[in-house]
Amino acid sequence: MLNPAFIAQLRSLVPAANLLFEREDLVPFESDGLSAYRNIPDVVVLPENEAQVAAILKLCRAENVPVVARGAGTGLAAGALPVDGAVLLVLAKLNRIKALDPLARTAVVEPGVRNLAISEAAAMHGLYYAPDPSSQIACSIGGNVAENSGGVHCLKYGLTVHNILKLRAFTIDGELLEIGSESLDSAGYDLLALMTGSEGMLAVVTEVTVKLLPRPERAQVVLAAFDDVAKAGAAVGNIIAAGVIPAGLEMMDKLAIEAAEAFVHAGYPTDCAALLLCEVDGVNEEVSDDIATVRRVLTESGATEIRTAEDEAQRLKFWAGRKAAFPAVGRLAPDYYCMDGTIPRAQLPRVLTRIAEMSVEYSLAVANVFHAGDGNLHPNIPYNAHDSDEAGRVHHAMREIMEACIAAGGSITGEHGVGLDKLRYMDQLFTPATLRAMCDLRDVFDPDRRANPGKSVPVHSCREWHMASSVRALDREATETR
Ligand SMILES: Cc1cc2nc3c(=O)[nH]c(=O)nc-3n(C[C@H](O)[C@H](O)[C@H](O)COP(=O)(O)OP(=O)(O)OC[C@H]3O[C@@H](n4cnc5c(N)ncnc54)[C@H](O)[C@@H]3O)c2cc1C
């Protein structure tokens, strides 16, 4: 519990409306997009500019108070989950696009700017920002940097780390860091890559210079239906082996298709086991060639139906179902648990078959909707968190799925980060020395471990682990056994 004198000092740093400490104001911040983890913050501060961010961080340093940064709170790994005795620093009010240079093809934005807002602002110049998480209507660019977020178009155009040039950020002690440059390379260590994906544990990002790309001359999407999930999984590898790098290659299984169709009426066939959406883009002739190749490979891979979007309206309609698939699954039950694991593409058929078996073993509905081209799985389980038996089964199924990804030579995250949710798997992925190196690195930026304590990198014996274990979590077992 933070003391009233500290709250009073915070009040002197931001406008009164930007400091929240009454319970009814704090409850909306109790979780991110993964509602299985909840913890009501002690206090929420919403600075409006860098000077206020620095002042808040300096006050927290003086009072030895931890800080959890938060963007839009759409994260799916409990990364922005409040920690007891900490300030929740919400960057949503730093939401200005400061500059947009169509010649240099860059934009300078504050961290609270929504991902989609960048492309909307750039559209008048025929430009866009490529990484497009399905949450892009809401998630912030600061959160994207902290999670190294991906999206449908990242297979061809890269993740956040490949699409940013510069950052301004503040250390947890309130000191300014200027990282990266507008030229191709910058001197010294590559701190830009280090900060990207650091989950709010190395610094608070206050400004991002992003790269903008010209809109391709033509983009076209092919939809293919399959009567078997494993066949669809194999088709993914076949497309890439045929020499096509799709702009997007996404897969949905039956439950995801039905949920999306009921929600946004994208016109999907609902009598199939799986759908692939394969978009190619580029100059006209290249797109025509690639579409022909993709259709041929899909036919040879056993697709039961293939449709090519005839125009832009139909292309957007095909994507609307995929983009709305998570909320569509969210409509099936009071809660849903979305996992994020990555496997080598060639393992898709095997791991998808195993997930289907687990769904039966645990009597749970599992909707798979994911970035198939990247091998980035997103099994979604709709469930009722108040049913402890069902919640327990969800937890065990999710753990088995993560372990199946690790066993297949993959990873426990493709884009959502580790957060609190996946901390428990880190020592299956890394050697003790590697984990120690991560902790040591963190100590360089944050020796007192006040930045987003208890997330991402497991430090079993230290106080931050105990802080994190105060969280009401589904996985009590994981926190208790460490
Ligand atoms: C429906 C849905 C679909 C999604 N689809 C995708 C997808 O396709 N691809 C994908 O990658 N993700 C996806 N996500 C996950 C999520 O949207 C991303 O992780 C996103 O980047 C989080 O941004 P945010 O602003 O909501 O961050 P938050 O959830 O607020 O925070 C996420 C992490 O970033 C840190 N952080 C936030 N802002 C800052 C800052 N300014 N400085 C330092 N640290 C900061 C927080 O401490 C936390 O650790 C999806 C989520 C939902 C709900």
Excluding residues fewer than 8 positions from LYS211 in its own chain, the lysines with Cα under 25 Å of it are LYS93, LYS98, LYS156, LYS166, LYS323
Rounded to a whole %, the carbon-and-sulfur portion of the accessible area of segment 219-348 at a 1.4 Å probe is 53 percent
Rg from C-alpha atoms of segment 262-374, normalised by the globular rule of thumb 2.2 N^0.38 Å, equals 1.20
With Cα coordinates, the longest principal axis of the chain makes an angle with the long axis of helix 388-407, in degrees rounded to 10, of 70 degrees
The convex hull of the Cα atoms of segment 393-462, divided by residue count, gives a volume in Å³ per residue of 104 Å³
The answer for GluC sites (Glu not before Pro) in segment 1-75 that fall in a DSSP coil and have at most 14 neighbouring Cβ atoms within 10 Å is GLU22
Between the residues ALA54, THR434, ALA107, the Cα farthest towards the positive end of the dipole of the chain, that dipole coming from +1 and -1 charges on the beta-carbon of Lys, Arg, Asp and Glu, is from ALA54
In segment 294-329, the GluC sites (Glu not before Pro) that sit in a DSSP loop and have at most 14 other Cβ atoms within 10 Å of their own Cβ are GLU310
Taking a straight Cα-to-Cα line shorter than 23 Å from LYS455, and setting aside same-chain lysines fewer than 8 residues away, one finds LYS58, LYS422
Computed on Cα atoms, the radius of gyration and Dmax of segment 1-57 in angstrom are 12.3, 35
Length-normalised contact order of segment 333-450, Cα under 8 Å, at least 6 apart, in percent, tallies to 30 percent
For segment 357-414, listing GluC sites (Glu not before Pro) in a DSSP loop whose Cβ sees at most 14 other Cβ atoms within 10 Å gives none
Treating every alpha carbon of segment 182-260 as one equal point scatterer without solvent, the Debye formula yields log10 I(q)/I(0) values at q = 0.20 Å⁻¹ of -0.96
Largest-first ranking of ASP289, ASP84 by accessible area, probe 1.4 Å, whole protein assembly kept, is ASP289, ASP84
Per residue, the convex hull enclosing the Cα atoms of segment 151-214 spans a volume in Å³ of 99 Å³
Taking a ≥ b ≥ c as the square roots of the Cα gyration tensor eigenvalues, with a/c under 1.5 meaning rounded and otherwise prolate when a/b beats b/c or oblate if not, segment 120-159 comes out oblate
Counting only protein heavy atoms and rolling a 1.4 Å probe, one gets per residue an accessible area for the chain in Å² of 39 Å²
Measuring from its Cα centre, the chain shows a charge dipole (+1 at each Lys and Arg Cβ, -1 at each Asp and Glu Cβ) which, in debye to the nearest 20, is 480 debye
Cα-Cα pairs in segment 1-105 separated by more than 17 Å, as a whole percent of all pairs, come to 53 percent
Among VAL27, SER119, SER288, the residue whose Cα sits farthest towards the positive end of the charge dipole of the chain (+1 at Cβ of Lys and Arg, -1 at Cβ of Asp and Glu, taken about the Cα centre) is VAL27
Neighbours of HIS416 by Cβ distance under 9 Å: Lys/Arg at +1, Asp/Glu at -1, summed charge -3
If the chain between ASP389 and THR304 were fully extended at 0.36 nm per residue, the gain over the current Cα-Cα distance would be 26.7 nm
Expected unfolding gain across ILE7-LEU194 under the 0.36 nm per residue rule, minus the alpha-carbon gap, is 64.1 nm
Karplus-derived 3J(HN,Hα) from phi for segment 214-231 (6.51 cos²θ - 1.76 cosθ + 1.60, θ = phi - 60°), whole Hz, x at Gly and Pro, runs x, 4, x, 4, 8, 9, 9, 10, 10, 10, 10, 9, 9, 8, 8, 4, 5, 5
Taking every other residue with Cβ under 11 Å from the Cβ of LYS166 and scoring Lys and Arg +1, Asp and Glu -1, one gets -1
Rounded to a whole number, the Stokes-Einstein D of segment 215-290 in µm²/s (Kirkwood radius over Cα pairs; 4 °C; 1.567 mPa s) is 98 µm²/s
If each K or R counts +1 and each D or E counts -1, the residues other than LEU94 whose Cβ falls under 14 Å of its Cβ total +2
Taking Cα pairs closer than 8 Å and at least 6 residues apart, the relative contact order of the chain in percent is 15 percent
The relative contact order of segment 164-320, taking Cα pairs under 8 Å that sit 6 or more residues apart, comes to a percentage of 27 percent
Expressed as a percent, the portion of alpha-carbon pairs in the chain spaced more than 40 Å apart is 20 percent
Share of Cα-Cα pairs in segment 246-315 beyond 15 Å, whole percent, is 58 percent
Projecting the Cα atoms of GLY267, GLY237, VAL14 onto the charge dipole of the chain, where Lys and Arg contribute +1 and Asp and Glu -1 at Cβ, the residue farthest towards the positive end is VAL14
Magnitude of the Cβ-charge dipole (Lys and Arg +1, Asp and Glu -1) of segment 292-379 about the Cα centre, nearest 20 debye, reported as 160 debye
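The values are calculated or read from the model by the stated rules, or taken from the named source; none is laboratory data. Keep in mind that this is a model prediction, so the values were computed, not measured. When we count neighbours, we look across all protein chains shown, and the Cβ atoms used for this are built from the backbone with ideal geometry, even at glycine. The accessibility values were calculated without ligands, DNA or RNA, using every heavy atom of the protein model including side chains. Shrake-Rupley method; radii C 1.70, N 1.55, O 1.52, S 1.80 Å.
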